[in-house]
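Peer 1: I have a structure I would like to understand better, so I am pasting it below and will then ask my questions one at a time.
Laboratory data are not the source of any read-out in this text; all were calculated from the coordinates shown. The structure presented is a predicted model; accordingly, all values stated were derived computationally and were not measured. Here the Cβ positions follow ideal geometry from the backbone for every residue, glycine too, while neighbour counts run over all protein chains shown.
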Amino acid sequence: MPGSLQILLLVLSLRLPLTLGETVARDSIPGAWSLVQMGTSGVSAMQLAVTSETTAIIYDKVEHNPLGVNGEVVWAAELNFDTLQVRALHPLSNTWCATGSFLSNGTLVNSGGNPIVITGADGLQALRLFTPCTTGDCDVYEDQTRVRLTSPRWYPSSVRLQDGSILIFGGATTDVFINSPEVNNPSYEFFPPKNINGFNGLQIPSQFLVDTLNGNHFPNMVLLPNGKIFVSANQQAMIFDWQTNTETRLPGIPNGVRISSPFSASHVLLPLSPQNDYTPEIMICGGSTLSDTIPPSEISSQDPTSAQCIRMVLNGAGIAKGWSVEMMPQGRIMVDMVLLPDGRVMLVNGAMTGVAGYGDVPDQIGHSNADNPAFMPVVYDPNAPADSRFSTDGLVASTIARVYHSTATLTPNGTVMLAGSNPNNDITTVKYATEYRLEFFSPPYINVPRPSYTGLPATINYNTEFHLAVTLPADTTDVTVALMDLGFQTHGVHMDQRLVQLVSTLSADKKTLTVHAPPTSSIYPPGPAYLYVVTESGAPSFGHKTIVGTGASPPVDEGAIANMLANTSGPSD
Ligand SMILES: *[C@@H]1O[C@H](CO)[C@@H](O)[C@H](O)[C@H]1NC(C)=O
Ligand SMILES: *[C@@H]1O[C@H](CO)[C@@H](O)[C@H](O)[C@H]1NC(C)=O
Ligand SMILES: *[C@@H]1O[C@H](CO)[C@@H](O)[C@H](O)[C@H]1NC(C)=O
């Protein structure tokens, strides 16, 4: 018996040669996960982005959060991971429900929002700039007379482009349960504004945003290694060439599943690696098969959600093959998909029944349109055999409901932080209450000997080489390098989240790692990144921060800015 077991283990440990479309082949550390609840977010974490090795920014909607003292209404904060202290930030306008993306120079752009509620300015056309600092006194810059969107955007998405600017896509002209022709803003724009394809700084129409009505809020968007953008919303998907303003439709979402708000699914670009020639493969999980034309009065918080996960390799052969379908252990809406440095994907948060939003369905729970919180996360290994990719081995369930307006992110240290949940107007203690408690999941890799390194340059330009001084656990024979964009999370959509494996060579004494920066700006767009050195058994180092590219600001076209300002009016004008 021991003999055959050994043979079995030997067979299992043999790696099959990589074929096109396969992602990074790497093991993961087995064992128990831990979950600790510590710290509070001060404002409810509707939007979340890691801004440095020790900080994250949290944007909420304007509401009576506990961080405000003496009657001050505070709706944004900076969290320090080491001290778990939160510091109030002061955007001027309502950030509900904005998107966010970092520029090539490291500034985070938060765009879109909501009309005035309680206090503050109308945020529908707002652009809010936040440049992370180490001095603990930086704040949000906002001046809609100078810097604004062309048009109102409630529930848009955004994506960082290969030139370091961002593209802001879709949304509605006001707050609604679901999009409709009356309030749709079927257009996109750039920040900084561009003079492109006949549009000088102004919004550009998108037929996709007309064709995907009604359930098309917070579209899923991913910059692809060919410089085009994967976009999916409702039941459709496309490849979008922003440089020529061309939309090319992809196979639709199978089996009647809708995948964008209020039928919120989550998406992830599976790891890009040199072994798979940076071939992109997209994965989308969850959603709902409800009709997007029935009124919310006919929807129930108990309606089932979709357990469907779909994958498609985005090259000619992959698109011809279409979506492959897998099933999560349970249906989920408003799930967050978080890439781990070992190449796996953690699916966490959300609910097993109902839809996104609050105050709309007749049998709402408190005010929530969804019920049966999905307390148990599941981890997906894209490289495992088809029938064993989902696993809850070693995982623990949370006891905190994280439904509408909740978030999750990987931290620089490799833990996964959960925050937020507030399916309510303003703050409340009814089920499901406004949630401020933070939770941190530690995958088993946190508690094993981990690599460490020094020497990461502040910027790493394309096609250059740099050297890290590494200290590896004793039994390490090889490592990989995961360069990660930790993204900007809201409503289950993780803007710009990305893992690019870099080519690296370990010296014979295993003390120096020579790393090749990403080959092109479409493989990793210029901007912030966290670099994890990962052992072959799946233990990651701390992810130190760098900026890919030169750290320069994205191109600025003063003519396009002037034309935009001349032809648009901000709400504060
Ligand atoms: C990373 O997390 C581990 C486990 O929680 C902790 O012991 C360690 O101090 C953390 N390191 C940093 C730099 O935050
Ligand atoms: C980054 O670029 C934007 C757009 O031009 C600019 O507003 C912002 O101030 C820049 N940030 C830094 C840190 O230079
Ligand atoms: C925008 O404003 C300029 C200057 O006032 C004007 O010449 C131009 O025709 C306007 N319209 C568009 C679509 O750019």
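Peer 1: Taking the simple approach of a point 7 Å from Cα along Cα-to-Cβ for both residue 319 and residue 116, what is their distance in nm?
Peer 2: 4.7
Peer 1: Given 85, 32, 110, which one lies farthest toward the positive end of the charge dipole of the chain, if we put +1 on the Cβ of every Lys and Arg and -1 on the Cβ of every Asp and Glu?
Peer 2: Most positive-ward Cα: 32.
Peer 1: Using r as the Cβ-Cβ distance of residue 558 and residue 247, and R0 as 35 Å, what FRET efficiency do you calculate, to the nearest 0.05? Intermediate results must be reported in sequence, preceding the final value.
Peer 2: Working: r = 29 Å, r/R0 = 0.84.
So, using R0 = 35 Å, E works out to roughly 0.75.
Peer 1: On a 0 to 90° scale, report how tilted helix 558-567 is relative to the longest principal axis of the chain, with both axes built from alpha carbons and the result rounded to the nearest 10.
Peer 2: Orientation of helix 558-567: about 40 degrees from the principal axis.
Peer 1: Sticking with this one: Tell me which residues come under 5 Å, amide H to amide H, from residue 217 once H is placed; ignore anything under 5 positions away on its chain.
Peer 2: When sequence neighbours closer than 5 places are left aside, the close amide H contacts are 179, 261.
Peer 1: Roughly how big is region 34-446's charge dipole about its Cα centre, with Cβ charges of +1 (Lys, Arg) and -1 (Asp, Glu), in debye to the nearest 20? The partial results should precede the final answer.
Peer 2: Values: 19 positive and 35 negative charges, 106 e Å.
Computed charge dipole of region 34-446: roughly 500 debye.
Peer 1: Further question on the same structure: Going by average Cβ density within 10 Å per residue, which order do the peptides 301-308, 106-113, 556-563 take, highest to lowest? Could you put the intermediate results ahead of the total?
Peer 2: Working: 301-308: 20.9, 106-113: 25.1, 556-563: 14.9.
By packing density, highest mean first, the sequence is 106-113, 301-308, 556-563.
Peer 1: Straight distance only, please: which aspartates and glutamates reach the Cα of residue 545 with their own Cα at less than 18 Å, same-chain residues fewer than 8 apart left out?
Peer 2: Partners found: 53, 78, 82, 342, 465, 485, 496.
Peer 1: Also, quick follow-up: So, with +1 on the Cβ of K and R and -1 on the Cβ of D and E, and no other charges, what is the size of the charge dipole of region 229-307 about its Cα centre, to the nearest 20 debye?
Peer 2: Values: 2 positive and 7 negative charges, 9 e Å.
That gives a dipole near 40 debye.
Peer 1: Another question, then. Read phi for every residue in region 417-432 and hand back ³J(HN,Hα) as whole Hz from Karplus 6.51 cos²θ - 1.76 cosθ + 1.60, θ = phi - 60°, with x for Gly and Pro.
Peer 2: 9, 10, 8, x, 2, 7, x, 9, 6, 6, 9, 7, 10, 5, 4, 8
Peer 1: Separate question: Taking the Cα of residue 505, stepping 7 Å toward and past its beta carbon, and measuring to each backbone N in region 460-480: which are under 15 Å?
Peer 2: 464-468, 479
Peer 1: Same structure again: Mind checking the full-extension length gain between residue 291 and residue 226? Use 0.36 nm per residue of separation minus the Cα-Cα distance, one decimal, nm. Before the final figure, lay out the partial values.
Peer 2: Details: separation 65, 0.36 × 65 = 23.40 nm, distance 3.44 nm.
Once the chain is fully extended between residue 291 and residue 226, it gains 20.0 nm.
Peer 1: In percent, how large is the relative contact order of region 319-375, given Cα pairs closer than 8 Å and 6 or more residues apart?
Peer 2: Numbers: 86 pairs, mean separation 15.6, N = 57.
27 percent.
Peer 1: With only Lys, Arg, Asp and Glu charged, each at its Cβ (+1 for the first two, -1 for the last two), find how big the charge dipole of region 451-548 is about the Cα centre; round to the nearest 20 debye.
Peer 2: Result for region 451-548 is approximately 180 debye, rounded to the nearest 20.
Peer 1: Work out from phi, with θ = phi - 60° and the Karplus expression 6.51 cos²θ - 1.76 cosθ + 1.60, the ³J(HN,Hα) of each residue of region 362-369, listed in order in whole Hz, and give x for Gly and Pro.
Peer 2: Values per residue, Gly and Pro as x: x, 9, 4, 9, x, 10, 6, 7 Hz.
Peer 1: Could you give me the ³J(HN,Hα) list for region 201-210, computed from phi with Karplus coefficients 6.51, -1.76, 1.60 and θ = phi - 60°, whole Hz, x at Gly and Pro?
Peer 2: Listing the rounded values in order: x, 9, 5, 10, x, 10, 5, 4, 6, 7 Hz.
Peer 1: Mind checking which lysines have their C-alpha under 19 Å from residue 228, skipping anything on the same chain fewer than 8 residues away?
Peer 2: Within reach: 194.
Peer 1: Separate question: Contact order normalised by length for region 34-446, with contacts defined as Cα pairs under 8 Å and 6 or more residues apart; what percent is it? Walk me through the numbers on the way to the answer.
Peer 2: Details: 1150 pairs, mean separation 51.3, N = 413.
With pairs under 8 Å counted, the relative contact order is 12 percent.
Peer 1: Another one. Roughly how tilted is helix 2-13, in degrees to the nearest 10 and between 0 and 90, from the longest Cα axis of the chain?
Peer 2: It is inclined by approximately 50 degrees.
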